[in-house]
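A short write-up of the structure that comes next.
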């Protein structure tokens, strides 16, 4: 496809259908060019009545009220537009004005087709029968036929059925029809006429992906800051649109996966520099070199085979080469269906476990809230003049209300009972609390969260239905006891792909909002006279806050794995489809150009797969090497040959040699030791919550956060964790007769995903990484003189930063029926001790 089609010339014609593909198109030109094309129609009257437009950016004229304005000089039964972005060209058009779009004056059969029907100059619009527009972003809320174009979570476009009087009936478009990816024409003729075998929508999707990848490169020598380059809104917009367009098409599985993967990596919290991979640069670099060697061999075999294709000697060699191409994709562990299915089942169990936990906990929370509200009401009546205190109370109640709502929503999707009524009641409770809250900052944050929750709630019942159906199928298969009885991925997943929920954004908003929690409670707990009920309410709020976040994480994991499973299944279908097509072509009288085009599509899949791994390797280096600027000797492109990728890999490896800090790290001789605070009072050296004991008993886990100013961290810059030791002091087994001498305690430390890094200058940098889990198995009886056992972070796993969030927890065993076995009595734990060994680049400037 050409880089741009500003003139809007037809790129293909099929009967009465005309197709236009371009980067940046202007709506006025499109309708004009259609009129010119129809003027040249054959004597048989074969004119274009269906116009299909595909572009990255669509420019439109608009009136002062943002109604899109265009002339339609030739009748169009259906105008179909796929545009990633819609923007207004020039100044608003006045109602009296006549926009001069065209160089040559032409007789218009009808004036503007998209004005508000209430406009006093609107005339009948018989030249248009139907308009469908699919889009992602717009620079203003445009209107079409009097309707404002608004996209919801599940909406990808709008459909307008136009009446003779110029009014239109509006409906939302939420799905892409699979036929959109068909050529509607003989592909051999298409190959000879337009030099490709893919239809316009796949062509647009590939082009947008290419533009998105190119958009991650610096725009100029002055614009090389890493976070600026990688996280442009336009780049994310293109990736999001490609994901929307391709997510239901197996034929586009490679493009869909590339777009969704890159979008995930670029969608990080505001202020964060880069996404941190799960694996180290060394591990990714080794794998990348292995893939590139295999990819180069495939490319060499293909080049050698092209001569045979020209001589029409394709035959079995083409089939073998296609199988070689599709086999390459099996190297990608992230496409392992069996592993994904296991993760999906674990995710379902986590959601339903948390739903059951909620059922037992909500009465406790309700009781604590009632008692606190009663005590607060009495306190306020006694001290009517203290308005600022009332504001504190309102904020705390709002925090609690939002926590309950988030948790209720999550629990509803995993509960056997229909919880939609509870969700509605919880949302209503938050709205009431918002009205009482007077602090604008807290109110704005709350409104963002509740808005996201309301969007999520629409899909809860659907998700819940399919989750419970899948669990029932698994249970039935297990009860049958038949050998080999297992659930297939197609049985496990919902029959249709559910509309995605932005759990990632909600989690970020949630974490930001919860930072205020402790501060508000600290003020309330200092009030005189002391409100005794505040202690219980604070604990209840902390419990629901922790549970709510766990539920969001569980829902996010379930949705993420579902998406990955669908992509993996689509890849399987795509590979089988390509092999089958190649076999059919080879067994018939083959068309050399067609077979070559099919093989080249396969090679594009390989290059996309390699690029994703290269991008991951780049991110690993950027994190480990504390890269702040984009390297001048690397340019992202998703369609490079293997030899070109080898050059980029060599450039990355040379960059690592320029960072002495990577090779002269300073390790701690004595571990950094962190303990839980005693007597419920938070000490300056504790990274754990002062109510850790109650939270441990309630949830089986305790969160922690290591700040950059912590005195034990000694302001170590660019520090990462290398070894971990964890003890639950005083813990006892549930069985009093157990042989304690030979027992070990199954513990887990989780680091991430939010991490801070202290720069050499003393500045902080924010990162978002994968959660790193380290299993610790200390002996129950700690004998005097015995050295503590430290557990190292696996060499292939990216080390978390020292300044990280995380949690410590017990790993409970499970029975065959999936129920948790309470092996340990957590009420006996007297303290938690976490010890860390680190490596760093030294102390930050200005450190004592």
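Fewest to most neighbouring Cβ within 10 Å: what's the order for 158, 837?
Ranked by crowding around the Cβ, least crowded first: 837, 158.
Give me the distance in nm between label points sitting 7 Å out from Cα along the Cα-to-Cβ direction at residue 647 and residue 330, one decimal.
Distance between the two pseudo-spin positions: 3.3 nm.
I'd like the FRET efficiency for residue 195 and residue 154, computed as 1/(1 + (r/R0)^6) with the beta carbon distance as r and R0 of 25 Å, rounded to 0.05.
Taking R0 as 25 Å, the efficiency between residue 195 and residue 154 is 0.10.
Could you compute the FRET efficiency for residue 39 and residue 89, with r as their C-beta to C-beta distance and R0 at 22 Å, rounded to 0.05?
0.30
If I take every Cα pair under 8 Å that is 6 or more residues apart in the range 666-840, average their sequence separation and divide by the length, what percent do I get for the relative contact order?
For the range 666-840, the relative contact order is 38 percent.
Compute the length gained on full extension between residue 171 and residue 366: take 0.36 nm times their separation in residues and subtract their Cα-Cα distance, giving the result in nm to one decimal.
66.0 nm
Per-residue counts of other Cβ atoms within 10 Å, averaged by peptide: what ranking do you get for 65-72, 174-181, highest first?
65-72, 174-181
How high is the FRET efficiency between residue 825 and residue 527 when r is their beta carbon distance and R₀ equals 56 Å, given to the nearest 0.05?
0.95
Hey, fewest Cβ within 10 Å first, where do 302, 629, 50 land in order?
629, 50, 302
Between residue 792 and residue 760, what is the label-to-label distance in nm when each label sits 7 Å out along the Cα-to-Cβ direction?
Taking the simple label geometry, residue 792 and residue 760 are separated by 2.7 nm.
At a 10 Å Cβ-Cβ cut-off, how would you order 669, 553, fewest neighbours first?
Arranged by neighbour count, lowest to highest, 669, 553 become 669, 553.
Here, each number is a calculation from the coordinates, and none is a lab measurement. Everything numeric in this text was worked out from a predicted model, so none of it was measured. In this analysis, Cβ positions are derived from the backbone assuming ideal geometry, glycine residues included, and neighbour counts consider all displayed protein chains.
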